[in-house]
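Read the structure below first, then the notes.
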Amino acid sequence: MEIRHNWTQEEILEIYNKPFMELLYEAATVHRKHHDPNTVQVSTLLSIKTGGCPEDCGYCPQAARYHTDVEGNDLMSVQQVKAQALRAKSSGSSRVCMGAAWRNVKDGPEFDNVLEMVRTINKLDMEVCCTLGMVTENQAKRLEEAGLYAYNHNLDTSEEYYKEVISTRGYEDRLETLSNVRKTNVTVCSGGIIGMGESKEDRAGMLVALARLNPQPESVPINALVPVEGTPMEEQQKVPIWDMVRMVATTRIVMPETQVRLSAGRTDMSKEGQSMCFFAGANSIFAGDKLLTTPNPDVSEDMQLFKELGLNVQKPFEKHSQRETIEAEDSVHQSLGEKPRWSRPGHKIEKNLEAQAKRKA
Ligand code: SF4
């Protein structure tokens, strides 16, 4: 089946709105053509630098400006990360995704440490992914040299609705970061969140933006908002499972070769709900009891469900080969000491301002 890059919002919406059973059948059929339906990739998400983020993402408890219970932590050491990666490996994860609550990567000792973490995990023969905010082309190349397998940078929602969620950066910077990563051999992971008050049109809009990328992202995480007290979205209703299944199925149909990852919000899904998502084309999950700062099912529960469904865990590097690790002293791409000017639209988002004011009160 040919991969299409010219999807329109109307076409995607039409798929999303199909009768449920028809949608499920179609998605499962596409899934079977492109993937082994009984294999699921398991990643572990590790927060290597938590909280204190200068951004104002309305869904995020790590934004310094909101009053949440998240305890901030400085950047972990390479040794700490190695210990956690080994733990993840022994419990069945093939990939470690390291997240830092940064607006963008800054050249300097902290980034050098992250590069060392990438080298260390790659040498453990695990896929290594980073989510560090905006990156320049040179920074992406340095990550590639260290052996990075994937870079995550979510579009979150449609370009139109993005303005209702975040005021400290623009959609075009997200796309530019994805294009910087594409100038390397690092695979792209980019998806979004549903349940933030967006319309179905916005959900389709996000999928248009992702599906039109050429090549399409190798991995697309679909998150259900976990409303956290103190954030502007604390009162959002939880996403109905039907919406989650529809979103997964539609993603599968428009991006047939992508690994669709069931991400945040799994603790609120029943085993049957998660199984429907697997049937509809989800073939990756995050394992571990925490997803950055929000709860996630216990690994043993996941493995029990896999056993029940006869699912196998995907081996590392099954989809793309392992990158070579180049040591710091042999790198071609050195720090340029860049000070990139990522945009800062700065428009007013009432909900975000209200949550911020509560913190001051
Ligand atoms: S989502 Fe990322 S960039 Fe946004 S506030 Fe949270 S940590 Fe910062």
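Tabulated results
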{"read-out": "Probe 1.4 Å, accessible area per residue of the stretch 85-212, Å²", "value": "28"}
{"read-out": "Centroid-to-centroid separation of the stretch 158-204 and the stretch 216-284 [C-alpha atoms, Å]", "value": "16"}
{"read-out": "Principal axis box of the stretch 121-196, alpha-carbon based, largest edge first, Å", "value": "41, 25, 16"}
{"read-out": "q = 0.14 Å⁻¹, the stretch 214-361: log10 I(q)/I(0) [Debye, one scatterer per Cα]", "value": "-0.93"}
{"read-out": "Heavy-atom accessible area order for TRP7, TRP102, TRP242, largest first, 1.4 Å probe", "value": "TRP242, TRP102, TRP7"}
{"read-out": "Around THR184: net Lys/Arg minus Asp/Glu count, Cβ-Cβ under 11 Å", "value": "+2"}
{"read-out": "Out-of-range pairs (alpha-carbon distance over 24 Å; input LYS106/LYS183; LYS82/LYS271; LYS49/LYS307; LYS82/LYS106; LYS33/LYS319)", "value": "LYS82/LYS271; LYS49/LYS307"}
{"read-out": "Global geometry of the chain, whether rounded, prolate or oblate, following the gyration tensor of its Cα atoms and the 1.5 cut on a/c", "value": "rounded"}
{"read-out": "For the stretch 33-98: rounded, prolate or oblate by the Cα gyration tensor [a/c cutoff 1.5]", "value": "oblate"}
{"read-out": "All lysines inside 19 Å of LYS163 as judged from Cα atoms, apart from same-chain residues fewer than 8 positions distant", "value": "LYS200, LYS348, LYS351"}
{"read-out": "For the stretch 1-75 versus the stretch 323-361, the gap between their alpha-carbon centres in whole angstrom", "value": "21"}
{"read-out": "GluC sites (Glu not before Pro) within the stretch 1-61: DSSP coil, no more than 11 neighbouring Cβ in 10 Å", "value": "GLU2"}
{"read-out": "Accessible carbon and sulfur surface of the chain relative to its total accessible area, %, 1.4 Å", "value": "49"}
{"read-out": "Whichever lysines have a C-alpha closer than 16 Å to that of LYS315, once near sequence neighbours (fewer than 8 apart) are set aside", "value": "LYS89, LYS123"}
{"read-out": "Local electrostatic count, LYS319, Cβ distance below 12 Å [Lys/Arg +1, Asp/Glu -1]", "value": "-3"}
{"read-out": "Expected-Rg normalisation [2.2 N^0.38 Å, Cα atoms] applied to the stretch 38-180", "value": "1.06"}
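The values are calculated or read from the model by the stated rules, or taken from the named source; none is laboratory data. This one's a predicted model, so the numbers in the text were calculated from it and none came from an experiment. Positions of Cβ are backbone-derived with ideal geometry, glycine not excepted, and every protein chain shown enters the neighbour counts. The protein model used for the area step is the full one, side chains on, heavy atoms only, and it has no ligands, DNA or RNA in it. Shrake-Rupley method; radii C 1.70, N 1.55, O 1.52, S 1.80 Å.
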